[in-house]
Amino acid sequence: MDSERKNSIAIILILISLLLVVAYVVFQPSKDYTYRGPTGEFFFEQKNTGNFEFYSFEMIVIYDEGKDVVKQTMNLRNGPRELKDIPTEGDLQEAVFRYKNRFSDVYITVDPQSSSKTVIAGTEIGQVLGRAESGIFKMYARGALTKEGTNTVDGTMPIISCADVTDNTGVIYLEEGAPQGVIVDDVGCIHIRGETPEEVIESADRLIYVLLGIMN
């Protein structure tokens, strides 16, 4: 009798444990969400690759005056809801899209002593602006350094700063400093600013969402 009672208790404990596991999975709040922006609604799905978290979303991209319509999947480190408190200053779309022609270049420049994580911000911007298959705007976007430094691998990286902004040369400066934000200065240089590399990435994503029409 004692043996049967012990077996019954063990079975009950196992069932309770299974119910708790199921309840945790079912009732755990989802980090996915729908975001309503100025051009419509977008669904953001949080994904994980190892310890790396990012948001994935789809958008319709129209090329060649409507002749080519493509559904593009985008992946960014941060979703728009997490970035709504990052301030912007100036007309970001005008500051970038004024260089959307084959005679212009946009340089994404960084200080040579910056963290390697800061470069991730430039990679995300370049993937959206550039002419690669994943590029949305098919602009001539290039990487650069603000000055020569000990981290310079070779002499192939151009030296570009905000002082080089012209009618045919745009500059996006990934800047580690305070306060965090995305600012167009008086000469048209775009400062992607944050006190940490993570904040710089957040500011870069904030710019991207504005350019895509997902955020104001």
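The values are calculated or read from the model by the stated rules, or taken from the named source; none is laboratory data. Everything numeric in this text was worked out from a predicted model, so none of it was measured. Heads up, the Cβs are rebuilt from the backbone with ideal geometry, glycines too, and the neighbour counts pull from every protein chain shown.
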key: Enumeration of residues in region 106-123 that are touching a strand residue (DSSP E or B) at 6+ places or on another chain (Cβ under 6 Å) and not polar (S, T, N, Q)   = 106, 107, 108, 110, 112, 121, 122
note = Among strands (runs of 3 or more DSSP E) completely within region 28-130, the ones holding 1 or more residues that are over 17 Å from residue 198 (Cβ atoms) and basic (Lys, Arg) are 33-37, 40-49, 68-76
request  = Return yes when residue 66 is of a type outside the set (Phe, Trp, Tyr), modelled with pLDDT of 95 or more and either within 14 Å of the chain's Cα centre (by Cα) or at positive phi (or both) and no when it is not.
outcome  = no
